[in-house]
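*Asks:* Quick one: this structure, given as structure tokens, is what I'll be asking you about.
Each value in this text was obtained by applying a stated rule to the coordinates, not by laboratory testing. Just so it is clear, the model here is predicted, and its values are computed rather than measured. We place every Cβ from the backbone using ideal geometry, glycine too, and count neighbours over all the protein chains shown.
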Amino acid sequence: MDRQQEFVLRTIEERDVRFVRLWFTDVVGSLKSVALAPAEVEGAFEEGLGFDGSAIEGLARVFESDMLAQPDPSTFQILPWRGETEQTSRMFCDVLTPDGEPSTSDPRNVLKRTLAKAADMGFTCYTHPEIEFYLLKSATPGPDGIPVPVDQAGYFDHVPGGAAQDFRRTAVTMLESVGISVEFSHHEGGPGQNEIDLRYADALQTADNIMTFRTVIREVALQQGTYATFMPKPFSEHPGSGMHTHFSLFEGDTNAFYEAGAEFQLSKTARQFIAGILRHAPEFTAVTNQFVNSYKRLWGGGEAPSYLSWGHNNRSALVRVPLYKPGKGQSARIEYRGIDSAANPYLAYAVLLGAGLKGIEEGYELPPAAEDDIWALSPAERRAMGHDPLPSSLHDAVQQMEESELMPEILGEQVFEFFLRNKRAEWQDYRLQVTPYELKRYLGVL
């Protein structure tokens, strides 16, 4: 037994932890949880906990349903919202096949495989997400069918005694108590919309942190009599909720994206990484923007990027190279602005990193940076500059993903096939719906 496992077992005993929740996700990123009695934890470390994988979206086919959940002791945390009595803790799990091999259909394993490839190329990947969400008075829309936000404040607004302010203070305290470092938090542009930015960490830890973050945010909202949603676009007329993520690759202690004296201080490695993301973005958009509603955000105006472009501090670009203080080479990074807050972070980071690594491997050429506001250009101007559009609907995104050679390579055939099947079914369900828009527009005139 290793030291981390011993630490977990000792902490469970010393803190009188009564329940140990094992967490993992299905292919679309829904959190799954099973509670273990403390006495069973040592056995779970050694042999894993058996469960029926065929009952979980995309984890196993019916004829190979037995799976094992093996807890990762490095992710052990006490859950503060469960209170001091009968304490509850959690650990993330790796999903294994019955013979102890990593399951090819486990989203966490998909990201681990991509990070192992990066490591083989000499890179460690760090990520830093900016997570937006809406705080609503309840999960039920108002009488007019529109959700009711907790306030009417705007970007960076300070609302004395405001629900969002109290909420953010409690949420940040709780996040830090489960080991998630928060860089800053503020009110976003929409009414009831908030943003909390997590401090940078390696990509696997960030993905685990995002899954914990969503749980904490929902728990704090419920405690305060409100409701938090990560739906990409709950309001037609207000901004959607994105999860802009900053990426950097390090070779040992050296930032591989930094080159003093180069244009924007960007190294050749960074330029090839961006080129890989831009070339393959239409193929992976179904993963980073996986719901029908995601495309209302991408094409709904606001600050959501809709075209393949990159720029230095250009907020209309899909990939932005942020400004940083001169001489701070270690903070050189790129920001992908397309991803939304409802993505499965394991798969989303795997495809983004995988596309960037492909650019480095193949030596992709980066097109010129976009200096204009891409939304202000005419369609002809965008075409002339090579700013092709991202997919405009889930249907288009699924089609582009189906034709990709790189996506099944990154995701593995099983995740690739199941993900597409799940998304085709979602599009079919949506296509059959008669919406309030259609009734309002056509019923009285046709």
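*Asks:* Quick one: which of Lys112/Lys296; Lys117/Lys233; Lys268/Lys328 span more than 26 angstrom between C-alpha atoms? Don't skip to the answer; put the middle values down first.
*Replies:* Details: Lys112/Lys296 31 Å; Lys117/Lys233 34 Å; Lys268/Lys328 18 Å.
Table pairs above 26 Å Cα-Cα are Lys112/Lys296; Lys117/Lys233.
*Asks:* Taking the Cα atoms of segment 97-154, report the difference between the largest and smallest coordinate on each principal axis, in whole Å and largest first.
*Replies:* Largest first, segment 97-154 extends 54, 32, 13 Å along its Cα principal axes.
*Asks:* Over what distance in Å are the Cα centres of segment 267-293 and segment 398-429 separated?
*Replies:* 15 Å
*Asks:* Tell me the relative contact order for the chain as a rounded percent, counting alpha carbon contacts under 8 Å between residues six or more apart. Before the final figure, lay out the partial values.
*Replies:* Details: 856 pairs, mean separation 65.5, N = 446.
Result for the chain is 15 percent.
*Asks:* Quick one: the Cα spread of segment 175-300 along its three principal axes, in angstroms, biggest first?
*Replies:* Cα spread of segment 175-300 along its principal axes, largest to smallest: 52, 37, 23 Å.
*Asks:* Which length gain, in nm to one decimal place, applies between Phe264 and Leu31 when the Cα-Cα distance is subtracted from 0.36 nm times their residue separation?
*Replies:* Working: separation 233, 0.36 × 233 = 83.88 nm, distance 3.95 nm.
Fully extending the segment from Phe264 to Leu31 adds 79.9 nm.
*Asks:* With each run of n ≥ 4 DSSP H residues scored as -39500 (n - 2.57), what mean residue ellipticity at 222 nm is computed for the chain after dividing by its residue count and rounding to the nearest 500 deg cm²/dmol?
*Replies:* -11000 deg cm²/dmol
*Asks:* Which FRET efficiency value, to the nearest 0.05, is calculated for Asp253 and Glu361 with the Förster distance at 25 angstrom and r the Cβ-Cβ distance? Can you show the working numbers first?
*Replies:* On the way: r = 23 Å, r/R0 = 0.93.
Efficiency computed from Cβ-Cβ geometry: 0.60.
*Asks:* Stretched out fully, how many nm does the piece from Ser378 to Met1 gain, at 0.36 nm a residue minus the Cα gap? Can you show the working numbers first?
*Replies:* Working: separation 377, 0.36 × 377 = 135.72 nm, distance 6.29 nm.
Full extension from Ser378 to Met1 adds 129.4 nm.
*Asks:* Here's something else I'd like to know. What is the calculated FRET efficiency for Glu14 to Glu403, with r their C-beta to C-beta distance and R₀ = 35 Å, to the nearest 0.05?
*Replies:* Details: r = 55 Å, r/R0 = 1.57.
FRET efficiency, Glu14 to Glu403: 0.05.
*Asks:* At R0 = 60 Å, how high is the FRET efficiency between Glu438 and Asp166 if r is their beta carbon distance? Nearest 0.05 is fine.
*Replies:* 0.90
*Asks:* Moving on to the next point. If I take the Cα coordinates of segment 242-364 and project them onto the principal axes, what are the three extents in Å, biggest first?
*Replies:* Principal axes ranked by extent give 42, 28, 22 Å for the Cα atoms.
*Asks:* For the chain, go through all pairs of different Cα atoms, get the mean of 1/r, take its inverse, and jot down that Kirkwood value in Å.
*Replies:* Working: mean 1/r = 0.0435 Å⁻¹.
Roughly 23.0 Å, rounded to one decimal.
*Asks:* Can you compute the modelled spin-label distance between Glu303 and Ser74, with each label point 7 Å from Cα toward Cβ, in nm?
*Replies:* Label at Glu303, label at Ser74, 3.2 nm between them.
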